[in-house]
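Report on the following structure.
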Amino acid sequence: MGFPKGRRRLVVAVVALLATAAVAAIVHRVLAPAEVSTVARGAYPAAAQPAVGVVGRLPVAPLIVDARLRVYVAHRQVYADRPVDGRHRTTPYWSYRRWPAELVGVVASGTTVVSRWSDGQLVALDARTGRVAWTADGPVPAEEPTSRRTGAGTVWAPAGLYLTRTLDGRAVLVATGSGEARGVDLADGRELWHAALAAECRRDVGTTPDGQLVGVETCAGPAAVEFRDAATGKVTNRWRPPGAAGELVVTPVGCRSGRSECPALRTVAPGDAAGRGWLIGPGGPAPAPALDRLDAELAGDQAVAVVDGALVGRSARTGTELWRRADLGQGRIVAVQPGRVHLLTDQNDLVTLDPETGAERSRFTLNAGSDGTGWAPGAVYAADGYLAVERLRRPVDPDADDQRYFFTSEPVIFAAT
């Protein structure tokens with residue numbers, strides 16, 4: 001005995017409707033926009049005092065935050081571990097994940113970590129707890145990040161995401177992309193300004209330490225360097241190097257991190273033998289011939305460069321030679337940070353010197369375990385006395401997949417200097 005034909009059809013219809021509703025609920029649960037915040041459970045760590053030398057190796061690129069944490073990125077996640085001088089990556093101290101947006105950039109200042117997502121959303125996290133401090137709308141990124149599996153480009157030099165500080169001491173986050181720029185107060189996420197940018201005839205250079213967003217603009221004639229006040233969004237100056245004509249390539253120099261808070265520029269125009277260095281100040285860019293060399297770096301007030309096999313320190317303002325070290329071996333400057341110049345020799349020894357005096361602070365071989373030194377340096381990051389270097393397989397093939405491109409499965413070597 002069964003259901004009458006009419007009732008059978010009704011039961012089938014109800015079952016089908018319930019099944020459809022269940023599937024819809026599951027699909028919504030899986031695909032609906034969501035965020036998962038896993039906050040810290042343990043105490044905020046103290047600043048470490050590691051011994052000089054190689055700390056360890058990591059599978060992904062670390063961003064040092066407050067000299068206490070290492071922050072990393074994944075496709076849809078930003079997370080931190082501790083201690084900052086841990087030999088290996090450890091269980092996350094805190095984690096923040098969004099769906100379906102993709103993570104495209106991270107910057108940090110003090111105890112604030114700001115992540116930028118493919119939908120333009122800006123999310124600030126308190127590094128001490130991992131809790132969301134604020135969220136803000138930002139411009140949709142103009143391009144997708146091209147980071148390989150280490151995520152170095154996303155955390156060490158994120159495109160279109162910059163930090164600076166205004167003359168009155170306010171920390172400002174600037175995000176650019178999709179034909180606009182926005183300035184956000186880093187303390188609370190309040191939007192300070194937004195401005196339209198002509199994406200087809202302008203590109204970012206970075207920010208200065210005194211609250212300026214710098215770009216190269218070709219919309220109104222020959223290429224010029226545009227300075228925009230990060231507190232108001234207003235253009236304060238359009239400048240061209242004297243005698244420059246036609247195209248102009250501008251590179252930031254001496255940046256605190258990535259392309260943020262850069263106190264100098266190097267310009268290259270048609271006819272330049274190399275480049276022309278400029279210190280950025282209230283009266284506009286001032287010539288700094290000691291920074292003309294394409295391999296010259298700025299550490300504090302000193303310009304440092306390898307000249308005829310010797311590492312030379314000069315006054316960036318006057319060009320006066322302050323010190324010379326011809327005893328370090330062949331190598332190149334890979335990074336600078338306050339109070340430190342990092343030279344990597346051809347044998348992958350890391351030599352760290354005081355930029356004011358040229359005195360050696362430390363020297364050791366960049367080798368972890370039995371890995372050896374038969375690698376080429378890739379992206380490099382330095383902060384709070386630490387240095388991280390991507391190790392690439394020789395000969396370097398930029399078109400190779402990650403397995404062939406990187407030296408090992410843990411390609412980032414991490415050291416205290």
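The values are calculated or read from the model by the stated rules, or taken from the named source; none is laboratory data. Since we're looking at a predicted model, the values are computed, not measured. When we count neighbours, we look across all protein chains shown, and the Cβ atoms used for this are built from the backbone with ideal geometry, even at glycine. Surface accessibility is based on the protein's heavy atoms, side chains included, excluding ligands, DNA and RNA. Shrake-Rupley method; radii C 1.70, N 1.55, O 1.52, S 1.80 Å.
Working only within the range 408-417, note down all residues that are farther than 17 Å from Val155 by Cβ, in a loop (DSSP other than H, G, I, E, B) and open to solvent by less than 40 Å² (accessible area, probe 1.4 Å). Give the steps one after another, and end with the answer.
Keep residues of the range 408-417 that are farther than 17 Å from Val155 by Cβ, which gives 408-409, 415-417.
Within this subset, residues satisfying the condition of being in a loop (DSSP other than H, G, I, E, B) are 408-409, 417.
Across the range 408-417, the qualifying residues are Thr408, Thr417.
When you go through (1) in a strand (DSSP E or B); (2) open to solvent by 20 Å² or more (accessible area, probe 1.4 Å); (3) farther than 18 Å from Val174 by Cβ; (4) not hydrophobic (A, V, I, L, M, F, W, C) one by one for Gly221, which number turns out not to apply?
(1)
Any residue at all in the range 255-266 that's modelled with pLDDT under 95, surrounded by 14 or more Cβ atoms within 10 Å (Cβ to Cβ) and part of a strand (DSSP E or B)?
So far as the range 255-266 goes, yes, one or more of its residues are modelled with pLDDT under 95, surrounded by 14 or more Cβ atoms within 10 Å (Cβ to Cβ) and part of a strand (DSSP E or B).
Give the residue, chosen from Gly284, Gly275, that is in contact (Cβ under 8 Å) with a residue 12 or more places away in the chain and touching a Phe, Trp or Tyr at 6+ places or on another chain (Cβ under 9 Å).
Values: Gly275 fails: touching a Phe, Trp or Tyr at 6+ places or on another chain (Cβ under 9 Å).
Result of the check over Gly284, Gly275: Gly284.
Which count do you get for residues in the range 270-280 that are surrounded by 13 or more Cβ atoms within 10 Å (Cβ to Cβ) and in a loop (DSSP other than H, G, I, E, B)? Outline the logic, then answer.
Here is the first cut: in the range 270-280, the residues surrounded by 13 or more Cβ atoms within 10 Å (Cβ to Cβ) are 272, 275-280.
Adding the requirement that they be in a loop (DSSP other than H, G, I, E, B) leaves 272, 275, 280.
The total comes to 3.
Go through the range 287-336 and tell me which strands (runs of 3 or more DSSP E), entirely inside it, have 2 or more residues that are touching a Pro at 6+ places or on another chain (Cβ under 7 Å). Break it down stepwise before answering.
Numbers: elements: 297-299, 302-307, 310-315, 321-325.
Answer list for the range 287-336: 297-299, 302-307.
Considering every residue within the range 144-155, establish whether at least one is in a strand (DSSP E or B) and of a type in the set (A, V, I, L, M). Step through it out loud before you land on a result.
The first filter runs over the range 144-155 and keeps only residues in a strand (DSSP E or B), leaving none.
Checked the range 144-155: no residue is in a strand (DSSP E or B) and of a type in the set (A, V, I, L, M).
May I ask you to list the residues in the range 130-171 that are buried (at least 16 other Cβ atoms within 10 Å of the Cβ) and among the hydroxyl-bearing types (Ser, Thr, Tyr)?
Within the range 130-171, Ser147, Thr150, Thr154, Tyr162, Thr164, Thr166 meet the criteria.
When you look at Leu366, is it farther than 30 Å from Leu69 by Cβ and surrounded by 20 or more Cβ atoms within 10 Å (Cβ to Cβ), yes or no? I'd like the intermediate steps shown before the answer.
Details: farther than 30 Å from Leu69 by Cβ: no; surrounded by 20 or more Cβ atoms within 10 Å (Cβ to Cβ): yes.
Taking the combined requirement at face value, the residue does not satisfy it.
Across the range 224-236, what is the number of residues that are in contact with a Gly (Cβ under 6 Å, 6 or more places away or on another chain) and either farther than 15 Å from Leu167 by Cα or in a strand (DSSP E or B) (or both)?
Residues that pass the stated criteria total 1.
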